[in-house]
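First the structure, in the form of structure tokens, and then the observations on it.
The values are calculated or read from the model by the stated rules, or taken from the named source; none is laboratory data. Owing to the predicted nature of the structure, the values given are computational and were not obtained by experimental measurement. Reconstructed Cβ throughout: ideal geometry from the backbone, glycine too, with neighbour counts over all protein chains shown. Note: accessible area is taken over every heavy atom of the protein model, side chains too, but ligands, DNA and RNA are not part of it. Shrake-Rupley method; radii C 1.70, N 1.55, O 1.52, S 1.80 Å.
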Protein chains: 2
Amino acid sequence: MRVAEPQVLVPWPECRDHPGLAVEVYPHPPGDPGSDDELDLSGVQLYVLPYGRPDARELISRLPALQVLQVLTAGYENVLDVLPDGVQLCNGAGLHDASTAELALGLILAAQRELPRWALDQSAGRWNPEYTRSLADSRVLIVGHGNIGRAIEQRLLPFETTVTRVARRARPAQAVHAIDELHALLPQADVVVLVLPQTPLTRGLLGARELALLPDDALVVNVGRGSALDTGALLAEGGRVRAALDVVDPEPLPSGHPLWNAPGVFITPHVGGGSATFGPRARRFVNAQLERWAKGEPLVNQVDPNDPRI
Amino acid sequence: MRVAEPQVLVPWPECRDHPGLAVEVYPHPPGDPGSDDELDLSGVQLYVLPYGRPDARELISRLPALQVLQVLTAGYENVLDVLPDGVQLCNGAGLHDASTAELALGLILAAQRELPRWALDQSAGRWNPEYTRSLADSRVLIVGHGNIGRAIEQRLLPFETTVTRVARRARPAQAVHAIDELHALLPQADVVVLVLPQTPLTRGLLGARELALLPDDALVVNVGRGSALDTGALLAEGGRVRAALDVVDPEPLPSGHPLWNAPGVFITPHVGGGSATFGPRARRFVNAQLERWAKGEPLVNQVDPNDPRI
């Protein structure tokens, strides 16, 4: 059964059943006989942007009645240029916490315990054990202390680490340092975890000067946005500082880019949020958000695109 | 300065300084001018077996005055055939908890988040993101609930997992199940972590019948001893059950063995205990043990080689 004039577009059939709302699935799931071209978009007021579908943002300009754009990522820099004036933006803060935090731990452990090396040894059928670094006893600096930063901290604490937190503003009651103190904190960090949105304030936050302040063999982990770490400055370190990066600049990293083979660098292709953890949490969130919308209650996760956050 | 007739052999110079004890370092550290052949071994009463040096066990038969053999691993199956009658064996339980537990988490996260795949993609300069499994929401069964099992559990809990514990005997007050219940527990496990010593009771504990009880796509992680998992039975599963193994049977895994290329299997070369975490903890432990010995106090970590543990 097609909905003639949907008010709401959602990415999953599991979010279609809302009494009082005309909800349509976009894009159509595989095997669905309907065509996206048949949709009458003139009445769409709320659009839940499909996750991991860069093409889906093109639809925004074809929604004359749009009131709310709901994205499923915490960061929203990729829709700012197509967000019409007067449309409320809601983000997906919280949906990726577990997924991204566990990848952050995976990256830290992979780098300290040389998991990429063992994977390559395995593909060569080579048993060649060697002593490695460890995570225990490490001093970890988490830069960006929103939901995901806190989720990373919770997971780090049982690993016998010391965690120091940095956010835009100091919160002394929670032992959160201000970003102004970054230069003073870097020399005491064995591991720096970047969990920052892409804003003009965060671009190049870790550049040549900051990397030079890190001790030899320190590890930089980035699970926020690639722009926070200056790729050229990292390459210039020549392996003195190591890195485990789920996000890079440029992204996607082109074939042949020197970062692929840089010493001490482990790269995953921006898969922090894209795990089985996300689906159930995202569907629960969208259903709860649509219930609020149907009842005329305020939506949660409203964000102001002009607020530069850290 | 050489000690003419050492009473104690330790593997590190940092453990040599004990008033009242004649302590010698064996094997000599690199750069030390002394030769191991010069050592008069006739008075050695306590031998701290060097870690990761299989050749060092040959010395045991040349120590006529030996009273105590201190190994630095939790398992001690590799010295049982050379342990003289009447010599007290002490193990290294506790020294590897942090190191092994963090590798266990690394293996779980690597398998669920496909880190070996990204490592191989990186070596090919290929950016090819895909959705992966996650650790969050997983039901984890820890088989073997000694120090390391508990350390793994502590690290798992913040990952939004459900942990079930199995040991040789049930401990209802701590919600520990008995090994007799294993068959009933396996069908509800997404991840099974084996942390078992090598004993006649643990050999082949996870065989064809047990693997068949696991749900499709379950993950078996082994950080104890390779013999607990039947390699042939795992291979026969053909990837239906996945595995992340720091210990294997046979070990070291020979070049060309089918396990190297088995689908869904990630192998690290028995590096669970061999990380930077170990050294400081082991030296602190040996120094405390030698202080007890010098004072005539009972040593800790005394084990009975005839006690089959789980």
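Looking only at the range B:284-298, filter to residues that are in contact with a Pro (Cβ under 9 Å, 6 or more places away or on another chain) and in contact (Cβ under 8 Å) with a residue 40 or more places away in the chain; which one of those is nearest to B:P50 (Cα to Cα)? Before you say what the answer is, go through the steps one by one.
At the first step, the residues of the range B:284-298 found to be in contact with a Pro (Cβ under 9 Å, 6 or more places away or on another chain) are B:286, B:292, B:294.
This time we only want the ones that are in contact (Cβ under 8 Å) with a residue 40 or more places away in the chain, so: B:286, B:294.
On the way: B:V286: 11, B:A294: 20 Å.
My answer is B:V286.
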Next on the checklist: I'd like the residue in the range B:22-40 that is modelled with pLDDT of 75 or more and surrounded by 13 or more Cβ atoms within 10 Å (Cβ to Cβ) and, out of all such residues, is farthest from B:L59 (Cα to Cα).
Outcome noted: B:A22
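How many residues are in a loop (DSSP other than H, G, I, E, B) and more than 26 Å from B:Y76 (Cα to Cα) when one looks only at the range B:221-256? Working first, answer last.
Our first condition is that a residue be in a loop (DSSP other than H, G, I, E, B); within the range B:221-256, this holds for B:223-225, B:230, B:237-241, B:246-256.
Retained after the next criterion (residues that are more than 26 Å from B:Y76 (Cα to Cα)): B:237-241, B:255-256.
Residues that pass the stated criteria total 7.
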Next on the checklist: Can you report the number of residues in the range A:153-184 which are closer than 26 Å to A:A98 by Cβ, without any contact (Cβ under 8 Å) to a residue 40 or more places away in the chain and either among the charged types (D, E, K, R) or not in a helix (DSSP H, G or I) (or both)?
Outcome noted: 13
Checklist entry - Among the residues of the range B:284-298, is any part of a helix (DSSP H, G or I) and within 14 Å of chain A (Cβ to nearest Cβ)? => result yes
Checklist outcome for this item: Over the range A:93-106, the set of residues out of contact with any Phe, Trp or Tyr (no Cβ under 7 Å at 6 or more places or on another chain), surrounded by 18 or more Cβ atoms within 10 Å (Cβ to Cβ) and more than 7 Å from chain B (Cβ to nearest Cβ) is A:A93, A:D97, A:T100, A:A101, A:A104
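Sort through A:L201, A:L186, A:L194 and tell me the only one that's closer than 20 Å to A:F266 by Cα and of a type in the set (A, V, I, L, M, F, W, C).
Details: A:L201 fails: closer than 20 Å to A:F266 by Cα; A:L186 fails: closer than 20 Å to A:F266 by Cα.
Going through A:L201, A:L186, A:L194 in turn, the sole match is A:L194.
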Checklist entry - From B:T164, B:T202, which residue is within 30 Å of B:D81 (Cα to Cα), among the polar types (S, T, N, Q) and either touching a helix residue (DSSP H, G or I) at 6+ places or on another chain (Cβ under 9 Å) or open to solvent by 20 Å² or more (accessible area, probe 1.4 Å) (or both)? => result B:T202
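Residues being closer than 22 Å to A:G273 by Cα and facing another protein chain (nearest Cβ under 8 Å): count how many of those fall in the range B:122-149.
Pass one, the range B:122-149, residues closer than 22 Å to A:G273 by Cα: B:122, B:125-140.
Now drop any that are not facing another protein chain (nearest Cβ under 8 Å), which leaves B:122, B:125-137.
So the answer is 14.
Listed here are the residues, each with its yes/no results for (1) acidic (D, E); (2) open to solvent by 20 Å² or more (accessible area, probe 1.4 Å); (3) under 19 Å from A:G144 (Cα atoms); (4) touching a Phe, Trp or Tyr at 6+ places or on another chain (Cβ under 7 Å).
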| site | (1), (2), (3), (4) |
| --- | --- |
| A:L186 | no, no, yes, no |
| A:A189 | no, no, yes, no |
| A:L213 | no, yes, yes, no |
| A:V220 | no, no, yes, no |
| A:G226 | no, no, yes, no |
| A:L229 | no, no, yes, no |
| A:N261 | no, yes, no, no |
Item to check | Residue identified as in contact with a helix residue (DSSP H, G or I) (Cβ under 9 Å, 6 or more places away or on another chain), open to solvent by 50 Å² or more (accessible area, probe 1.4 Å) and away from chain A (no Cβ under 14 Å) among B:P64, B:P13, B:P19 | outcome: B:P19
Item to check | Residue within the range B:107-121 that is touching an Asp or Glu at 6+ places or on another chain (Cβ under 9 Å), facing chain A (nearest Cβ under 10 Å), farther than 27 Å from B:H177 by Cα and open to solvent by 10 Å² or more (accessible area, probe 1.4 Å) present | outcome: yes
